[in-house]
Amino acid sequence: IKFNFQMKRLKVALIGNPNAGKSSLFNYLTGLNQKIGNFPGVTVDKKTGVSNLSNTVQADIIDLPGTYSIYPRSLDEQVVFDYLTETLRNETPDILVVVIDASNFKRNLLLFTQVKDLGFPVILALNMLDLAKKDGLDFDLVALQKELNVPIVEINARTGKGVNSLKAALVCPVHVIPDSFYKSAVVAPSVVTYIRNRFKIKSDYMALLLAHQHKKTTILTTEEKNDISDLVEKHHLQSNSLQYRETLARYEAIHTIIHKVMSE
């Protein structure tokens, strides 16, 4: 008897702050099935690999460079920005795994709130809980999961603990109704609505991101960039002060969450 057995394949991207444990997790997930190339047009390492999540599901995994925010201030961060915005034109990752260093929770959570607002399916991999506990930080993971509205998996990227739980979470993704930490449409309603319609974008925040960063992105044609520039000028969008206010608003939301889920 011949079985025409088709493995299901997922696309998974790992994202996180520098030194959050992403690359160690990548090594545990992919073992020897990994290769290193370059991202298009730049000398930044592109690490990709294959992981067997279960008997029927395989994942192509990409380890994105470490980034503090999706507003790029370095070449590594630009690569991450390009990857996330490229999803408007090409296939998106099925799931983004945001790796967070629990001992640096507040700072790491900023990137998570941005990624979630872009509308990607997200799993949070909470790393270094042992170090956080040494610093006297304790998390109520049930409360955290409720506050962030995403699946959370406890991992230790140094020892590989929790990697199997993460694989299981990737195989059975939980569908979460998107809610946003930051209300992009309220900040710049006309700009966000126009860009959403023009580029058939689902996420308000992705539209706002393009308004801020259209000159830096690789996915838009010159004509599209000029179109957004005219729009931004017409509506007097003050990009720098808006980004600053957004960061403050996100940290306010993060403070509220921390009060509910952490005890010192």
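Computed values, structure above
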item: Square roots of 5 times each gyration tensor eigenvalue, C-alpha, the stretch 1-108, largest first, Å; result: 27, 17, 13
item: Fraction of accessible area attributable to carbon and sulfur, the chain (%, probe 1.4 Å); result: 52
item: Radius 11 Å from Cβ of T48, net charge of other residues (Lys, Arg +1; Asp, Glu -1); result: +1
item: For the stretch 1-78, share of DSSP beta bridges that run antiparallel, in % to the nearest 5; result: 60
item: Subset of K133/K161; K22/K215; K106/K134; K8/K202; K11/K225; K11/K35 violating a 22 Å alpha-carbon distance limit; result: K22/K215; K8/K202; K11/K225
item: Inter-site label distance for T56 and E91 at 7 Å from Cα along Cβ, in nm; result: 2.0
item: Degrees, to the nearest 10: 75-86 long Cα axis against longest axis of the chain; result: 80
item: Accessible surface, the stretch 120-236, averaged per residue in Å² (probe 1.4 Å); result: 53
item: Most fluctuating residue given options F199, F39, F105, as computed from a GNM of the chain linking Cα atoms under 10 Å; result: F199
item: Residue-by-residue Karplus 3J(HN,Hα) for the stretch 59-73, coefficients 6.51, -1.76, 1.60, Hz, glycine and proline x; result: 10, 8, 10, 10, 9, 6, x, x, 8, 8, 7, 8, 8, x, 10
item: Neighbour-limited loop hits for chymotrypsin sites (Phe, Trp or Tyr not before Pro), the stretch 1-69 (at most 14 other Cβ within 10 Å; DSSP other than H, G, I, E, B); result: F3, F5
item: Normalised alpha carbon radius of gyration of the stretch 49-149 [divisor 2.2 N^0.38 Å]; result: 1.18
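The values are calculated or read from the model by the stated rules, or taken from the named source; none is laboratory data. No experiment lies behind these values; they were computed from the predicted model shown. All Cβ positions, even for glycine, are placed from backbone atoms using ideal geometry, and neighbour counts span all protein chains on display. Just the protein is used for accessible areas: all its heavy atoms, side chains included, with ligands, DNA and RNA removed. Shrake-Rupley method; radii C 1.70, N 1.55, O 1.52, S 1.80 Å.
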